[in-house]
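Here the structure is laid out as structure tokens; the discussion comes afterwards.
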Amino acid sequence: MDAKKRLDWLDVSKAIGVYLVILGHLVMFNYHTFRFIFAFHMPFFFVAAGYVWKWNDKFGGYIKKISKNYLFPYFIVSVLGLVQCILLPMAGRNIGNLMRPEVLERSFYEGLPSYSFFGSAWFLLAMFWAQLFFWVMMWLAKRFKKYIVVLAWIVLVLFAVFSKDIFSFIPIFERLPWKLDSALMATVFMGIGYLLKKVKMIGSGKAIIAGILSLAGAFITWLFGCKWNYYVNLCDCAYAKEYNYFIAAIAGSVMLFGLGQLLCKIKLLQYAGRNTLIIFLAHESIYVLVIYLVNMLFHQSLAGQSMPLNGWSIGVSLATFGLAILLVYVIEQIKKQSKKVFQN
């Protein structure tokens with residue numbers, strides 16, 4: 001989206017969303033907080049992608065665009081992960097561990113490079129395929145009758161929900177490669193975002209409506225995502241009670257849309273929201289460094305993913321969020337200086 005046409009409130013929503021990703025990865029063993037955040041935190045980014053999606057008649061140009069935005073960066077990040085394993089080994093993230101069959105499976109078949117601090121790169125593959133699948137669905141909508149399109153969406157939803165069961169006969173690792181299975185569900189959420197754009201109330205900008213959306217969304221997410229559901233994770237194609245998962249994911253996305261409108265004037269969040277992809281990819285390596293420094297300076301024994309929801313986890317997550325924003329700024333300045341050098 002052109003920077004001049006960006007929706008500030010949506011950028012702020014994305015900034016809040018990526019902060020919750022950071023916090024969620026720190027408190028994964030905290031029952032209630034984990035379930036609440038994971039009920040919607042990744043679906044939201046696909047809902048947001050659907051909200052701003054625009055039709056492109058030129059399929060070749062569209063493929064080129066999404067490859068540049070998601071597919072190529074995945075390979076770059078994966079290579080960086082390999083370099084990190086070789087040059088900066090840490091705990092289980094080292095070249096020796098990389099040779100284990102299960103690590104190779106997750107890294108090069110499932111599209112989850114968990115051998116490095118870039119495990120979040122799976123999102124790039126899922127977004128690439130989701131953008132492609134969604135284009136196909138919209139192409140069908142433009143060329144066929146409504147009942148054909150509805151049938152296609154029903155089939156897509158069924159494949160998304162039951163992907164693990166449907167494709168379990170595949171002899172290689174029982175998962176579709178390159179996050180194709182996660183992308184099926186991600187495409188469904190893009191469709192939901194596309195539909196939500198037609199609900200004028202969502203982006204009205206009225207504070208009272210935004211407040212109601214935030215409160216109602218939070219309550220429904222807690223009810224269907226935390227109280228009435230179990231472990232869910234889009235990356236793992238784990239949806240527990242699927243109908244509850246859909247309700248919680250939509251409610252959580254609406255909650256973030258509402259919060260984004262309430263906080264839309266905060267420039268720092270606008271800036272972070274415009275750069276959520278870099279923050280998302282870098283946050284794991286940053287919070288590992290933050291936790292290391294906190295443990296050393298304050299004589300703590302904090303560990304990522306097993307922290308309770310308290311002052312330490314909030315502090316580490318905020319520090320990680322702030323350093324990730326600083327990293328984005330540094331990268332931007334390097335790019336600007338590089339352009340000046342080449343122009344001269």
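Details
- Condition check for Phe108: over 26 Å from Asn233 (Cβ atoms), among the aromatic types (Phe, Trp, Tyr) and surrounded by fewer than 18 Cβ atoms within 10 Å (Cβ to Cβ): no
- Taking helices (runs of 4 or more DSSP H) as the structural unit, those lying wholly within the stretch 240-344 and holding at least 2 residues that are farther than 24 Å from Leu124 by Cβ, under 22 Å from the mean Cα position of the chain (by Cα) and of a type in the set (Val, Ile, Thr) correspond to 242-262, 311-343.
- Scanning the stretch 298-305 for residues that are modelled with pLDDT of 90 or more and within 19 Å of Ser13 (Cα to Cα) turns up nothing.
- Considering the stretch 162-221, the residues that are of a type in the set (Ser, Thr, Tyr) and at pLDDT below 90 include one that is nearest to Val12 (Cα to Cα), namely Ser204.
- For the stretch 1-50, the set of residues classified as over 14 Å from Gly252 (Cα atoms), not in a helix (DSSP H, G or I) and not β-branched (Val, Ile, Thr) consists of Met1, Asp2, Arg6, Leu7, Met28, Phe29, Asn30, listed by residue number.
- Residue match in the stretch 27-41 (condition: surrounded by fewer than 24 Cβ atoms within 10 Å (Cβ to Cβ), hydroxyl-bearing (Ser, Thr, Tyr), closer than 30 Å to Leu289 by Cα and without any contact (Cβ under 8 Å) to a residue 40 or more places away in the chain): yes
- Val77 surrounded by 15 or more Cβ atoms within 10 Å (Cβ to Cβ) and in a helix (DSSP H, G or I): yes
- Single residue of Ala15, Ala3 found to be small (Gly, Ala, Ser) and modelled with pLDDT of 95 or more: Ala15
- Taken together, the criteria place Ala251 among residues that are of a type in the set (A, V, I, L, M) and more than 11 Å from Ile22 (Cβ to Cβ).
- Identity of the residue in the stretch 287-344, of a type in the set (Ser, Thr, Tyr) and buried (at least 18 other Cβ atoms within 10 Å of the Cβ), that ends up farthest from Asn30 (Cα to Cα): Thr320
- Residue within the stretch 234-244 that is surrounded by 14 or more Cβ atoms within 10 Å (Cβ to Cβ), touching a Phe, Trp or Tyr at 6+ places or on another chain (Cβ under 6 Å), at pLDDT 95 or above and farther than 22 Å from Phe162 by Cα present: no
- Subset tally (residues that are over 14 Å from the mean Cα position of the chain (by Cα) and at pLDDT below 95) for the stretch 115-135: 3
- The set of residues from the stretch 88-114 being of a type in the set (A, V, I, L, M) and at pLDDT 80 or above comprises just one member, Leu112.
The values are calculated or read from the model by the stated rules, or taken from the named source; none is laboratory data. Everything quoted here is computed from the prediction, not taken from an experiment. A quick note on method: Cβ atoms are made from the backbone with ideal geometry, for glycine too, and the neighbour counts reach across all protein chains shown.
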